[in-house]
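These notes are about the structure you will find just below.
Just so you know, all these numbers are worked out from the coordinates, no wet-lab data involved. None of the values given here were measured: they were computed from a predicted structure. Virtual Cβ from ideal backbone geometry, glycine too; neighbours counted across all protein chains shown.
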Amino acid sequence: MYKDLLTLRDINAGELEELFELTAKLKSERGTFEGNTLKGKSIGMIFAKSSTRTRVSFEVGIHELGGHPMYLDQGRMQIGRGETVADTAHVLSRYIHGLVIRTYSQADVEELAREASFPVINALTDDYHPCQILADLFTIKEYSGTTKVKTVFMGDGASNIANSLMLGAKLSGMELVVASPKEYAPSAELLAECAPYASWCEDPVEAMRNADYVYTDVWVSMGFEEERARRMEILAPYQVNKALMGKANKNVKFLHCLPAHRGEEVAADVMDSDMSIVFDEAENRLHVQKAVMSMIYRNISK
Ligand code: CP
Ligand code: NVA
């Protein structure tokens, strides 16, 4: 992880270990240890899609590292009126020191990172959500002491969360089974890239065998609203409910990137149960993103 965090391909296993050590320190010593990594730095934040956790945790995190978070309303920027991604990157490079961006196209984020002089952090695209999965892996490590556990991802196996979780499995040595219908299965390329850590299984019950963690995500991701009816129908057998959780290990824990839709991808009897660790997971977004920014800015100032 030198300049940008665009996918989890930008971080290696040694850096992940270092990131987790720093995250743990930032979490336990919040308010006293942050230092001034971002002192004097202005970090832009573009969110072309809705966000609660990502936007707030980045804004708070940038502030706590001594930087100035600047929310940039894409609809009010000229990029929303046709200014090119490259021109925007060149202009912003004259002002700001970093950009956190949530948008639709992964290719746009990669072009922006190529053209910009500042670090770019992917805060979710249609294809990937690396910051989320770093927080998830850290949460698993907090609970189990290791990431070498078995996690089942249930539902839309081609979503940004599933894609990044597969890369996260490869990065951390976690065993991941993605359980989904054929229509929403992970791509063959990504499965090949992440083998043997990540694999696909069509049968939700079989996938659950020996699972330590069960993870799900919304059935209708932002930008896919037109497919809602079809997704509700095809993904119904993959709802995470108490009966399905009963097929996993005894102390199985439930993860969800949130927002959750009770009665769709998860039943209230799981979401609101002791199995659920989703709010610890959400909190860890803040700590892990502060660690990501600390490592990026420490590296580039060398
Ligand atoms: N999990 C997540 O990224 O949440 P937001 O969409 O609220 O940022
Ligand atoms: N897959 C979801 C994740 C939300 C954090 C979406 O893209 O809407």
Q: Within the range 123-229, report the trypsin sites (Lys or Arg not before Pro) that DSSP leaves as loop and that have at most 16 other Cβ atoms within 10 Å.
A: LYS148, ARG209
Q: Hey, can you grab everything whose amide H is under 5 Å from the amide H of MET70? Only 5+ residues off in sequence or another chain; H modelled, so Pro and N-termini drop out.
A: ILE43, GLY44, MET45
Q) Under the rule of -39500 (n - 2.57) per DSSP H run of 4 or more residues, summed and divided by the residues of the chain, what mean residue ellipticity at 222 nm is obtained, to the nearest 500 deg cm²/dmol? A) -12500 deg cm²/dmol
**Q.** Across LYS25/LYS170; LYS25/LYS290; LYS25/LYS141; LYS41/LYS290; LYS27/LYS49; LYS170/LYS242, pairs whose alpha-carbon gap is larger than 19 Å
**A.** LYS25/LYS170; LYS27/LYS49; LYS170/LYS242
**Q.** Estimated Rh, the range 232-274: Kirkwood, alpha-carbon pairs, angstrom
**A.** 10.9
Q: Could you work out the local net charge near GLY157, counting Lys and Arg as +1, Asp and Glu as -1, over the other residues with Cβ closer than 11 Å to its Cβ?
A: -3
Q | Radius ratio Rg over Rh of the chain, counting only Cα atoms, Kirkwood formula for Rh | A | 0.96
**Q.** Gain on full stretching of the segment that runs from ARG81 to LYS148 - 0.36 nm per residue minus C-alpha separation
**A.** 19.4 nm
Q. Roughly how compact is the range 44-175, stated as its Cα Rg over 2.2 N^0.38 Å to two decimals?
A. 1.16
Q: DSSP loop (so not H, G, I, E, B), at most 11 other Cβ within 10 Å: list which trypsin sites (Lys or Arg not before Pro) in the range 232-267 pass both filters.
A: LYS250
Q. What spacing in nm lies between the two simple spin-label points modelled at ASN12 and PHE33, each 7 Å away from Cα in the Cβ direction?
A. 2.5
